[in-house]
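The values are calculated or read from the model by the stated rules, or taken from the named source; none is laboratory data. Remember, predicted model here, so these are calculated numbers, not experimental data. Every residue, glycine as well, gets a Cβ built from its backbone with ideal geometry; the counts of neighbours run over all protein chains shown. SASA here: full protein model, heavy atoms, side chains in, ligands and nucleic acids out. Shrake-Rupley method; radii C 1.70, N 1.55, O 1.52, S 1.80 Å.
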Amino acid sequence: MKPDIIIIDDEEIVLMLIKRLVVKAGLHNSPQLFSNGMDGLNYLQSQNGRKSPILIFLDINMPGFDGWEFLELLQTFSLDFPTKVVIITSSVNQSDKVKSKTYESVIGYIEKPVTEDMMKGVAQLDGLSKYFE
Amino acid sequence: MIKDSQTYSILIIEDNPGDKLLVETYLEESVLIPRITGVGSYREARDLIKENKNFDIILLDLSLPDMRGEELINAVMELAGNIPVVVLTGYSDVEFSRKSVKLGVADYLLKDELTASTLYKSVIYSIERKRIFNELEESQKRYKDLFQLSPIPNWVYDLDTWEFLDVNEAAISAYGYSHNEFLKMKVHDLIPEEDLSDTQKHFEETLQNVPKFSGEFRHIKKNRDIIAVETSSTFLLYNGKPARMMLANDITFKKKYIEAIEIQNKKLKEIAWIQSHVVRAPLARLMGLVNLLSEEEIETDERKTYSKLVMDSATELDKIIRDITEKTEQININKIK
């Protein structure tokens, strides 16, 4: 069973671009879009009770509440369903990539701009591929 | 008696021709080439010495027609400078002769007891002793100059009372206190009040068992300006009292410079962060949009919208680059006073 997908990015154009690629790559037909991390977390909590997983595409550099803070808070949640995070960032700093690996929920790291091929690759990621078989 | 073969230039100030002849005779007995000049009054002696200071020794009779006694000794001593003066006296007044030594004469000889050998001995000893004394004085002056003329503020303070015992010119001009003001102050007076307790600790460690000590402190000048100094001090005995000589190098400018460099580094790091996180965002968006535009199935209306978004992103990127340039221009290390 394919996971549901949410996309969190403060830029509307980026949300639109990523959504388009998600659909095009056949990952999901209607991913949920959030322009900040708090809205994303609220949505996840509202989904408690379900069993199927949710895949999160997460931007790091966002004003106010950034991607790192999102990951910290997510760790403290006890949700009934599995969550997997793929980071999509415009940063090219190695330090950000290294830091992302310290979070258990993070299974992928993509540097913008995202292409269709990259998006297709997400379905092959460890810990995710089983859902897309 | 073997004659001394060295040349001596001797000035005899003596008004009695008989005494003068006697002294000359004795000198010729022991010295091979005595270059003897004789004058008979203080005034003559004064004019001669003012013109020519190249005498090795002055032999002075104490009763001249125009001056005598203590007054004469003082006047001749002043003229003589570094030349030793031996007093020849007719009185057997030992008390006065003793006093004359205290006034600075090299020796006194009683004419009645004079022999060639006692005169020779006195002349040689006086010249030699004066030479050594002059050398010592010269070397003391040299060391005093090293202290006084050093371009780095330098002072000596009493280890028991912390009072200044001596300060050099550089300290006077750097701190604004006169020499006399310094000598009424203690080292503590240079320390800003809020630093006193910390500095006190350091000072207590710098007792005489610590031969050398250095550290960084803040000092306060007479005009209340605070400067950063690097001090180093060393133990010495000053007129027999335990003291330390301390050098205080003003590093205020150096510190400001380092601070400015640190600020500059911080700003450069900020710029590097902006390059990665802020500049890259619209750029990545641009690339994403261009990818989208290259897709064939896009309709004309959509294409128009995306083209506008491309332009918006380009404009945003332009603004960011201008901001960075402005930030870079704020970094100006030459502005430090």
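At-a-glance table
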| quantity | calculated |
| --- | --- |
| Residue among B:139, B:197, B:126 that is open to solvent by less than 40 Å² (accessible area, probe 1.4 Å), at pLDDT below 90 and either among the basic types (Lys, Arg) or in a helix (DSSP H, G or I) (or both) | B:139 |
| Residue count, the stretch B:248-271 (criterion: part of a strand (DSSP E or B) and open to solvent by less than 60 Å² (accessible area, probe 1.4 Å)) | 1 |
| Hey, residue B:282 surrounded by 11 or more Cβ atoms within 10 Å (Cβ to Cβ) and in the same structural domain as residue B:186 (by TED's automatic domain parsing) or not | no |
| Tally, over the stretch B:216-236, of residues that are part of a loop (DSSP other than H, G, I, E, B), over 11 Å from residue B:175 (Cβ atoms) and under 21 Å from the mean Cα position of the chain (by Cα) | 0 |
| In the stretch B:288-337, the residues that are touching a Ser or Thr at 6+ places or on another chain (Cβ under 9 Å) and either open to solvent by less than 30 Å² (accessible area, probe 1.4 Å) or at pLDDT 90 or above (or both) | B:288, B:289 |
| Output for the stretch A:1-34, where each listed residue is without any contact (Cβ under 8 Å) to a residue 40 or more places away in the chain, away from every other protein chain (no Cβ under 13 Å) and open to solvent by 60 Å² or more (accessible area, probe 1.4 Å) | A:29, A:30, A:32, A:33 |
| Count of the stretch B:161-194 residues which are in a helix (DSSP H, G or I) and open to solvent by 40 Å² or more (accessible area, probe 1.4 Å) | 10 |
| Some residue of the stretch A:118-125 being out of contact with any Asp or Glu (no Cβ under 7 Å at 6 or more places or on another chain) and either acidic (Asp, Glu) or in a strand (DSSP E or B) (or both) | no |
| Test result for residue A:99, outside any loop (DSSP other than H, G, I, E, B) and more than 20 Å from residue A:34 (Cα to Cα) | yes |
| Those residues of the stretch A:42-90 which are under 18 Å from residue A:126 (Cα atoms) and away from every other protein chain (no Cβ under 14 Å), in sequence order | A:52, A:53, A:54, A:55, A:56, A:58, A:81, A:82, A:83, A:84, A:85, A:86 |
| Cβ pairs under 6 Å, 6+ apart, first in the stretch B:1-28 and hydroxyl-bearing (Ser, Thr, Tyr), second open to solvent by less than 40 Å² (accessible area, probe 1.4 Å) and assigned to a helix (DSSP H, G or I) | B:26/B:116; B:26/B:119 |
| Members of the stretch B:131-179 that are touching a residue at least 60 places away in the same chain (Cβ under 8 Å) and over 19 Å from the mean Cα position of the chain (by Cα) | B:159, B:160 |
| Options A:76, A:102, A:115; residue that is hydroxyl-bearing (Ser, Thr, Tyr) and within 21 Å of residue B:280 (Cα to Cα) | A:115 |
| Residue selected from the stretch A:113-124 under the condition without any contact (Cβ under 8 Å) to a residue 24 or more places away in the chain and away from chain B (no Cβ under 14 Å), by the criterion most open to solvent (accessible area, probe 1.4 Å) | A:124 |
| Failed item, numbered, when residue A:110 is tested on (1) open to solvent by 70 Å² or more (accessible area, probe 1.4 Å); (2) closer than 21 Å to residue A:12 by Cβ; (3) aliphatic (A, V, I, L, M) | (1) |
| Residues of the stretch B:246-296 satisfying the condition of being within 14 Å of another protein chain (Cβ to nearest Cβ) and farther than 30 Å from residue A:21 by Cα | B:269, B:270, B:271, B:272 |
